[in-house]
1. Give me P(r) over segment 216-274, computed from all C-alpha to C-alpha distances, binned every 10 Å, as integer percentages.
2. For every other residue with a beta carbon closer than 15 angstrom to the beta carbon of Arg65, add +1 if it is Lys or Arg and -1 if Asp or Glu, then tell me the sum.
3. Once you place label points 7 Å from the Cα toward the Cβ at Leu291 and Ala64, how far apart are they in nm?
4. Give me, ordered by chain and number, the residues 5 or more places off Ser169 or on other chains with an amide H under 5 Å from its own placed amide H.
5. Neighbouring Cβ atoms within 10 Å as the yardstick, rank Thr100, Thr252, Thr285 fewest first.
6. On C-alpha positions alone, give me the angle between the axis of helix 2-21 and the longest principal axis of the chain, in degrees, nearest 10.
7. Mean-square fluctuation check for the chain, GNM, Cα pairs under 10 Å: which of Leu50, Leu284, Leu88 is largest?
8. Between segment 89-105 and segment 157-232, what is the separation of their alpha carbon centroids in Å?
Amino acid sequence: MILGRVPLLFALSLLTSVVLWAPRVSAQACCTATASSQLGVVGRCYRGVLATQLGYDRAFGSFARDGTYAGLDDASVQDLTLTLAAGLRLFTPALQVYTTLPLRLQQRSFSGVPSETRVGTGDATAGLRAILVDDLMAGMDFGQPRTLLPFVEPFVVARAPTGRAPSESNTATQADVMGDGAWALAGGVVLTKFVTVRQAVSANASYGHRFAHSVSGAAGVERRFSPGAEIDVKLAYVEVLDLFWSWSLFATVRWTLPARSEGQTVDGSESRRVRLGASVSHYLTYPKWQLIGAVAFDPPVSDLSQGVPYAGATATLSMQRNFTF
């Protein structure tokens, strides 16, 4: 446990030190596109946020290790997730902390196996995020180099194994598996550039290390298991319609590197997941109450993804209360 905390403490200290040397963030005009699409992350115009999100996942197929896509026959895989989140800027507007806690209801039904439904917590997260460079949000003017700079926001996120791990499952369908089973620490950066005053593009990249832990085998013998690292990339296009409405299109890719068991690589443990999606944001009462709806899906195209046991569609609806300075 102590060894698992050392990298986290080092990363948090390093990021905090960098931020203290960054220029103090000036006041920015509130705009729908500057509100974060990541649950719990404080939008650039705000002091803090409280948020809740209801999500529904349904699997329609799976990707084999070789990338072949096949539909789920005589099977039902459905998840309902209620996520609680909060974020707060600290002693400088350039630095914030945020956290999330998912509560999950999962149903699994397979041919020849009785249907099972379980409720539990998922893996909780806590993060630290900074603003190192500001975008003037005035569009791009090649005659004025300052307008070409994007928002640059580095972050670190820790994930705790508060959900039941696959090795701890007590059900035949693994309906009670709510988490990853390992402590994880990820670091990355978000780049956002307003191409015009109403249109922005964003790129998000991160690398997540999942720490080794002991798992029990079928005979009760413990072994040391090291899950593969996770590499995430997200590209998004955002358009502001007016003060109350904005929408976006996005694509995400997650690569999971091979796992190791007792120092040996686990064959076929790597994976790749590609998803496409869209979201709409609306202020019910500007700037306090914000409603965000989003959908995402796994394109059912062979070789696009790989090693994904449950591929399908996700719909989420988020409500958040923003707090201004």
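1. Each 10 Å bin holds this share of Cα pairs: 19, 29, 21, 15, 11, 6, 0.
2. Once positives and negatives cancel, what remains is -2.
3. Placing both labels 7 Å along Cα→Cβ, they lie 4.5 nm apart.
4. none
5. Going from sparsest to densest Cβ surroundings: Thr285, Thr252, Thr100.
6. Tilt relative to the chain: about 10 degrees.
7. Taking springs between Cα atoms under 10 Å, the residue moving most is Leu284.
8. Using only Cα atoms, the two centres lie 18 Å from each other.
All of the numbers you see were taken from the coordinates with simple rules; none came from a lab. It should be emphasised that the depicted structure is a prediction, and the values quoted were computed from it without experimental measurement. When we count neighbours, we look across all protein chains shown, and the Cβ atoms used for this are built from the backbone with ideal geometry, even at glycine.
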